[in-house]
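These notes concern the structure reproduced below.
Quick note: the coordinates plus some simple rules give every number you see, no bench work behind them. Here the structure is a predicted model, which is why all the values come from computation and not from measurement. Please note: Cβ atoms are built from the backbone with ideal geometry, for glycine as well, and neighbour counts cover all protein chains shown.
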Amino acid sequence: MNFYVLTLFPEMIQNAVGTSITGRAIKNGSIRVDTVNIRDFSTRKTMRVDDYPYGGGAGMVMEPEPVFRAVKSVEARIGQKPRVVYMTPQARVLDQTKVESLAQEKDLVILCGHYEGIDERVLQETVTDYISIGDYVLTGGELGALVLIDAVSRFVPGVLSNEESSQFESLQDNLLEYPQYTRPEVWHEQSVPPILLSGDHLKIEEWRHEESLKRTKERRPDLLKNSYRVICVSYGEPGAAENGRLLTESVSRYGEYMDYNRRKLQKTPLRMKPWNLLLLVMPGAGGVGKAFPAEITSASAGVKPAVRYDPSVSFAERFRGLYGSETPAVLVGSDDEIEEASAFLKNRKFHVIARISPAVFGGDQLLRNAALDIREKVLHFH
Ligand code: 4GX
């Protein structure tokens, strides 16, 4: 991925990105960070790029023309119109979903303002995204640009090693990370929680989810309103369940799985909450791309063995116990299946926020984009 930082202080950017993980990523070619000095595009012999604000008031404003030319110089270089981000406190605060969405770009221009900001007209003409890194005032956009580059780079292939991988990062679920422990087992009379020594990975995962929820309630209750529990409901051949798992895992670390091939589940009322997300995976979702035989499905799921699919059970019969309460739902399956499910779920107080074609199971990139799309839609819905 290529970052182009438009700034009056290019050395501030280059010094910082040359260090640590971004430095390694530049060296191995995963990312490039080019700086463009806005001063090089000054229209005056003094090389100044600022002027007094119309209407009076304190400080100076950056002129539109040098900024415009700096943006155009990048467009000319890459031969297309990239997204242009302006760092400003007058914007929504950056979050992990936005970071991940920006990481999908090939080129990203980041515009850093100084003084009292930049002439509004050039912003209107060139900026596609306004981003703040927090509700405080910096002396310029550079530290914001560095924060953005650092966070976005973590999602660029080749930047993190497998060990450092960001696939399961807590903020993906709008939850804080659970507490971590390393040796020694007892330190200052405090033991490591025994469950972490048990070797029972399902139990450990459950414990970590609980700790994450507890910690978020205590320290960042504001995050919980954007947090939801993904419940993956699937039926059909084992490939459908397996694909459901793949999609669920890319949406949330802590998904719950329900196999509606089971008669018992069909009979049990399931009342979903507004903070649940129903991911309904139907038979048409299997058999494309990665579909695994039954033995692998049950083993990797770490739960009871798969139950045979009975296609003679009607949709309404299968889901007679399923109720929402303004619950968002994502449907995966063939067009016909999605059509039928959609009508049914609307009557059961679900809101269909996305319809996913089985083609997304054709590759990692497609799957990640679908997951990102779902997470953005859920945030919007809430
Ligand atoms: N998150 N700054 C932008 C120039 C400015 C002044 C007034 C608009 C209006 C910041 C932040 C930030 C300082 C960058 C002021 N722009 N950037 N600069 N918070 O504080 O991103």
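Worth pointing out:
- Cα extents of segment 152-280 along the three principal axes, largest first (Å): 52, 36, 33
- Remark: segment 317-367 projects, on average over all directions, an area of 3.9 nm² (convex hull of Cα atoms).
- Cα-based radius of gyration of segment 119-161 once divided by 2.2 N^0.38 Å, which approximates compact folds: 1.47
- Entries of Lys273/Lys346; Lys225/Lys346; Lys203/Lys377; Lys264/Lys346 with Cα pairs more than 26 Å apart: Lys203/Lys377
- Considering only Leu202, Leu366, Leu146, the mean-square fluctuation computed in a Gaussian network model of the chain, springs between alpha carbons under 10 angstrom, is largest for Leu202.
- Separation of the Asn369 and Ser314 label points, Cα + 7 Å toward Cβ, nm: 3.8 nm
- Within segment 1-132, the percentage of alpha carbon pairs spaced more than 19 angstrom apart rounds to 52%.
- Cα principal axis extents for the chain, largest first, Å: 81, 59, 39
- Mean ellipticity per residue at 222 nm, deg cm²/dmol - from DSSP H runs of n ≥ 4 across the chain, formula -39500 (n - 2.57): -11000 deg cm²/dmol
- Remark on segment 216-289: Rg and Dmax equal 14.2, 44 Å (Cα only).
- If you take the alpha carbon atoms of segment 1-43 and fit the smallest convex hull around them, that volume is 54 Å³ per residue.
- Share of pairwise Cα separations in segment 27-84, more than 16 Å, in percent: 56 percent
- Inter-probe distance in nm under a simple model that places probes 7 Å from Cα toward Cβ, at Val192 and Arg92: 4.0 nm
- Residue-wise HN-Hα coupling along segment 244-253, computed from phi with Karplus coefficients 6.51, -1.76, 1.60 (Hz; x: Gly, Pro): x, 5, 4, 5, 4, 5, 8, 8, 8, 6
- Over segment 226-268, the hull volume per residue, using the convex hull of the C-alpha atoms, is 67 Å³.
- Placing +1 on the Cβ of every Lys and Arg and -1 on the Cβ of every Asp and Glu, with no other charges, gives the chain a dipole of roughly 760 debye about its Cα centre.
- Translational diffusion of segment 88-175, µm² s⁻¹ [Kirkwood Rh, Cα pairs; Stokes-Einstein; 37 °C; 0.692 mPa s]: 229 µm²/s
- Put simply, segment 112-219 fits an ellipsoid with semi-axes of 41, 16, 14 Å; these come from the alpha carbon gyration tensor as the roots of five times its eigenvalues, largest first.
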